Amino acid sequence: MKITILVEGQTEIAFKRHLLAFLGSKLAGKMPRLQFWPYHGRIPKEEKLRRAVADLLSNGTPSSDAVIALTDVYTGIRDFANASDAKAKMRQWVGPENRFHPHVALHDFEAWLLPYWTDIQRIAGHNRQPPPGLPETVNHNRPPSHHVREIFRVGKCRDDYSKPRDANRILRGQDLSVAALQCPELRAFINTIITLSGGINI
């Protein structure tokens, strides 16, 4: 089983090793070949997305058995009203292809870091409180990435927040099921991979 994940490049750097480690613990003997297809900036949309998915499903050595697109709902230009809208639009752009699976980070990737707020406090060097509510309800007006950047800005750490560096530090040694229990979109993304691989959903 070969699964290709279309993803924003910095998210791939921050998340890949932790996702692979978690899936390895859940898919013993069934681990798929995961190919990350990173983009500089957001993943493509409309016809460019359709062509990318079609190419991955038909070409390569071997070609992909499934393609997952993972996008932030908050892209900076309000392409999507919400998670359902983002997934519906990606599905519409690609067309009737049952090997394509659209997924989202709601409202952006940093929502999946918020369950580890005590570690964010430690790394940032500040006791600022987390945003209220469940991670994926932190919305467009001040998305999760804003809150993470802000605690790094006011904290004692030397540098501003960097997704590739600091998200990796936050996730190091963590159990992703902690975030998945609080973040339904993360859980859905992980479960798509597990289901395609013949495993048992979390």
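Using R₀ = 30 Å, calculate the FRET efficiency as 1/(1 + (r/R₀)^6) where r is the Cβ-Cβ separation of Glu97 and Gln129; round to 0.05. The computed FRET efficiency comes out at 0.10. The dipole here belongs to the chain: it is taken about the Cα centre, uses +1 on the Cβ of Lys and Arg and -1 on the Cβ of Asp and Glu, and is about 320 debye.
In a fully extended conformation the segment linking Arg158 and Leu20 would gain 46.7 nm over its present Cα-Cα distance, using 0.36 nm per residue.
Among the protein heavy atoms, those of Val104 account for about 0 Å² of accessible surface (1.4 Å probe, every chain in place). Going by accessible surface with a 1.4 Å probe and the largest first, Arg165, Arg187 read Arg165, Arg187.
In the chain, the longest principal axis of the Cα atoms and the axis of helix 144-154 are about 30 degrees apart. Within the shell defined by Cβ-Cβ distances under 15 Å, the residues around Thr61 carry a net charge of 0, with Lys and Arg each +1 and Asp and Glu each -1. Taking amide H as placed 1.01 Å from N in the peptide plane, Val104 has its amide H under 5 Å from the amide H of Thr71, each at least 5 places away in sequence or on another chain. For Met1 and Ile202, a Förster radius of 22 Å and the Cβ-Cβ distance give a FRET efficiency of 0.75, rounded to the nearest 0.05.
Ordering Tyr39, Tyr74 by accessible surface, largest first, gives Tyr74, Tyr39; the 1.4 Å probe counts only protein heavy atoms, with every chain in place. Evaluated at q = 0.15 Å⁻¹, a Debye calculation over the C-alpha positions of region 73-174 (equal weights, vacuum) places log10 I(q)/I(0) at -0.65.
Note on Lys30: accessible area is roughly 100 Å² with a 1.4 Å probe, heavy atoms of protein only. Applied to region 74-83, the Karplus parametrisation 6.51 cos²θ - 1.76 cosθ + 1.60 on θ = phi - 60° returns per-residue 3J(HN,Hα) values of 8, 9, x, 10, 6, 5, 10, 6, 6, 5 Hz, with x for Gly and Pro. Of the whole protein surface, Asp55 contributes about 80 Å² of accessible area at a 1.4 Å probe radius.
For region 99-154, the C-alpha radius of gyration sits at 1.21 times the compact-globule guess of 2.2 N^0.38 Å, with N the residue count. Averaged per residue, region 32-169 has 51 square angstrom of accessible surface, using a 1.4 angstrom probe with ligands and nucleic acids left out.
Provide Ser63, Ser84 ordered by accessible surface of protein heavy atoms (probe 1.4 Å), highest first.
The residues order as Ser84, Ser63, largest area first.
The average projected area of the chain, computed from the convex hull of its Cα atoms over all directions, is 11.0 nm². Site pair Ser58 and Asn139 shows an inter-label distance of 4.2 nm when each label is modelled 7 Å from Cα along Cα→Cβ. For the chain, the fraction of 1.4 Å probe accessible surface lying on carbon and sulfur atoms is 49 percent. Label zone of Arg169 (point 7 Å out along Cα→Cβ, amide N under 13 Å): in region 98-139 this covers 119-126.
The values are calculated or read from the model by the stated rules, or taken from the named source; none is laboratory data. What you are looking at is a predicted structure, and each value in this text was computed from that prediction instead of being measured. We place every Cβ from the backbone using ideal geometry, glycine too, and count neighbours over all the protein chains shown. Only protein heavy atoms, including side chains, enter the accessible area calculation; ligands, DNA and RNA are left aside. Shrake-Rupley method; radii C 1.70, N 1.55, O 1.52, S 1.80 Å.
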